[in-house]
1. Within the range 142-156, find all residues whose amide N lies under 15 Å from a label point positioned 7 Å from the Cα of ASP188 along Cα-to-beta-carbon.
2. Sort ASP250, ASP222 by heavy-atom solvent-accessible area, probe 1.4 angstrom, most to least.
3. Give the accessible area for LEU34 in Å² (nearest 10); use a 1.4 Å probe, count only protein heavy atoms, and leave out ligands, DNA and RNA.
4. Taking the Cβ of LEU124 as the center, what net charge do the other residues with Cβ under 13 Å away carry, scoring Lys and Arg +1 and Asp and Glu -1?
Amino acid sequence: MIRVFKHYIPQEVMLLCLFDLLLLGLAGEAGWQLRTFQLSIDPGPFAERAVAICGFAMIVWLAVIAVGTYTPLALRSIRFATARLFVALGLGMLSISFVNLVMPGTALWRSILLYAMALGLLLLVMNRLIATRVVDARAFRRRILVLGAGPRAQRLLDLSNRPDSGFRVLAFVAMGGAVTERVAGAIDREEIGDLGKYVERIRAQEVVLAMQERRNSLPLKDLVRVKTKGVDVSDLSGFLERETGKLDLDTLNPSWLIFSDGFIAGQRISTVAKRVFDVVVSLAVLLLTLPLIGFFALLVKLESKGPVFYRQERVGLYGQTFQIPKLRSMRQDAEAQGIKWAEKDDPRITRVGRFIRLVRIDELPQLWSVLKGEMSFVGPRPERPEFVAELDEKLPFYAERHMVKPGITGWAQINYPYGASIEDARGKLEYDLYYAKNYSPFLDLLILLQTARVILWPEGAR
């Protein structure tokens, strides 16, 4: 491990990071050479473009770091890393364009920038492909020691065995107490002696508290010693949030929500920026897609009787209800026998309705709700009041998802299939709570870019 600004970084990650910076510089220079060759002009001495090339490499490199392409999952999954790299290059292009606007002549020309970005993406992906062949994939997994040997510890073991896991468990330590189920191979606390030295000996990077009952069994002195040695100490709920991208309802408790960071309201700049984005983009997309909406509205009318558009009452910000417009995808009498969840191969869905649901065209009229301010582009999916009343009784913390404005797309929509049961609603709630707790403009940008994947590969659409 290398300590940089009080942060411990694996040597393999540091080496990959420096190679990326070098490759981005080469991409900038190659883009310059390619464009000048295409125009049949002299590229000139390198000193005249050194600032622009170095600036390009540094700005894109910082964007690559910012979007999390050096996280364990990104280091092991080329698909995940490539998606993050696309986001990073997009942010880098916007940043370089802004620099060129403020300080003309200090950044790459736009034509050269396109070549440099394309070459940069190719080189960074190739760098990761080579790294995964040369370096053992386990080297990129965070090494953890688990305090606890019960069902919670078993949960961590199951997660660590998944192919996309970002960590591996070095050992389980049974902390005493009555445990009916015990993880195989767990070590009793008495067998270790000095916990701090044991953590150092097995080279653990993090200690995770996964005890069933922590009262009177939390080794505070040991944990202080471990912490002062530069090893992270995490609560199970926080660890699962970081590793899975959702809040785990099975381990969540009110005190953790109260004292953890997040759920920060009143960020006026972010709120205003989000609203401006919603108004400008929803108006632009509505104008661009009016012919498409009109065409499918005609098909809906020709296939079945009834109105082309229908309005449903949904629950929005702070539990307030509003009417949401959609293209009708079901028969007019779809709810003659009462309200129920949409099912797979639901017979109430028309042929045209099945297609527009598959490619999300039925959602386009919701842009009107975004324009009015009742919804946002990004946020939890708004549910019907009848379902909300039921879910609020059966699922803990369900009301907290209404602390942010509902959206057309969201963190749950891109990470979980279409919800059609209480169990599905529970799974989506864990992602919705994560979004409400960790909202940021970058998370919105990541969701918007990932929404294209859901549209192109609509595995969860119903």
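The values are calculated or read from the model by the stated rules, or taken from the named source; none is laboratory data. Source: prediction; values computed, not measured. Quick reminder, even Gly has a Cβ in these numbers, built from the backbone with ideal geometry, and neighbours come from all protein chains shown. Keep in mind that these areas ignore ligands, DNA and RNA; they rest on the heavy atoms of the full protein, side chains included. Shrake-Rupley method; radii C 1.70, N 1.55, O 1.52, S 1.80 Å.
1. 149
2. I get ASP250, ASP222, largest accessible area first.
3. Accessible surface of LEU34 is approximately 80 Å².
4. So the environment of LEU124 carries a net charge of +1.
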